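The values are calculated or read from the model by the stated rules, or taken from the named source; none is laboratory data. Only a predicted model underlies this, so the values are computations on that prediction, with no experimental measurement involved. Side chains are part of the model used for accessible areas, which takes the heavy atoms of the whole protein and leaves out ligands, DNA and RNA. Shrake-Rupley method; radii C 1.70, N 1.55, O 1.52, S 1.80 Å.
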Amino acid sequence: MSPRLGDSLRTDPLLWLTGLISAGLLAVMNLRDAARFGDLTHGRTMPDFDVGSTPESLLALRDFLASRPEAAETLRAMHLQADLVLPAALTLFLILAIRRLVPGAIVYGRPAEKLLPLLLVFPILYGLTDYVENAISLMLFPPAAPEPALAALLANALGWATRLKFLAVTIAGVTVTRLLIARFAR
């Protein structure tokens, strides 16, 4: 282990812990939950991972899951287990990583410390939109049975929440990468 890594493990244990928890939860969601959902639905993608979903495709999935209780329960269990903790853990990891990398970094010709409030917007937005997405999904898919008008509204909102979640986490990831490059370029 390099001295820098050893120092980081001692000075930033929460950063490392939240990173490991996030990685573990992502592995569970992708290797267990998404794989099981795909097996039970003949290869369909979980709505949480489908950036290209439409309100119509989400309503069709809702109708399909009404006749596939095991698949619906897999989706629900993911939201009430791994995806209940992931947004908080990943948001905290991204915030801690950004705060750790900001000192001394120059971004777009400015000290990154001056941009810190702006740099933290996207990790926070990610966490909020992931929880909104989870709540909408729990209200839309079985065993929930919303009225058709509400289901259409929820399906539309779910598509937007999923896209916004992926946009925010991507920008947060790019921010961390940019700060890493700025830090090592000094």
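Under 5 Å from the amide H of Val107 lie the amide H atoms of Ala112, each residue being 5 or more positions distant or on a separate chain, with H modelled from the backbone and absent for Pro and chain starts. Taken over the Cα atoms of the stretch 1-91, the convex hull encloses 114 Å³ per residue. Rolling a 1.4 Å probe across all protein chains gives Met29 an accessible area of roughly 10 Å².
Rg ratio for the chain: its Cα radius of gyration over 2.2 N^0.38 Å, N being its residue count, equals 1.19. Among Ala77, Ala97, Ala161, which one shows the biggest mean-square fluctuation in a GNM of the chain, springs joining Cα atoms closer than 10 Å? Between Ala77, Ala97, Ala161, it is Ala77 that shows the largest mean-square fluctuation. Given the options Ser53, Ser67, Ser137, which has the most mean-square fluctuation in a GNM of the chain, springs set between C-alpha atoms less than 10 angstrom apart? In the Gaussian network model the winner is Ser67. Backbone phi angles across the stretch 40-53, fed through the Karplus curve with coefficients 6.51, -1.76 and 1.60 (θ = phi - 60°), yield HN-Hα couplings of 6, 10, 6, x, 5, 8, 4, x, 5, 10, 9, 5, x, 5 Hz in residue order; Gly and Pro are listed as x. The stretch 105-186: D in µm²/s via Stokes-Einstein (Kirkwood Rh, Cα pairs, 25 °C, 0.890 mPa s)? So the translational diffusion coefficient is about 168 µm²/s. Each Cα pair under 8 Å and six or more residues apart adds its sequence gap; the mean of these over the residue count of the stretch 40-186 is a relative contact order of 35 percent. For the stretch 15-32, backbone phi angles converted through the Karplus equation (6.51, -1.76, 1.60; θ = phi - 60°) give residue-by-residue couplings of 4, 5, 5, 5, x, 5, 4, 4, 4, x, 5, 4, 5, 4, 5, 7, 7, 9 Hz, Gly and Pro being listed as x.
A viscosity of 0.692 mPa s and a temperature of 37 °C, combined with the Kirkwood radius over C-alpha pairs in the Stokes-Einstein formula, give the stretch 44-148 a diffusion coefficient of 206 µm²/s.
Its DSSP H runs of at least 4 residues, each contributing -39,500 (n - 2.57), put the calculated 222 nm mean residue ellipticity of the chain at -24500 deg cm²/dmol, to the nearest 500.
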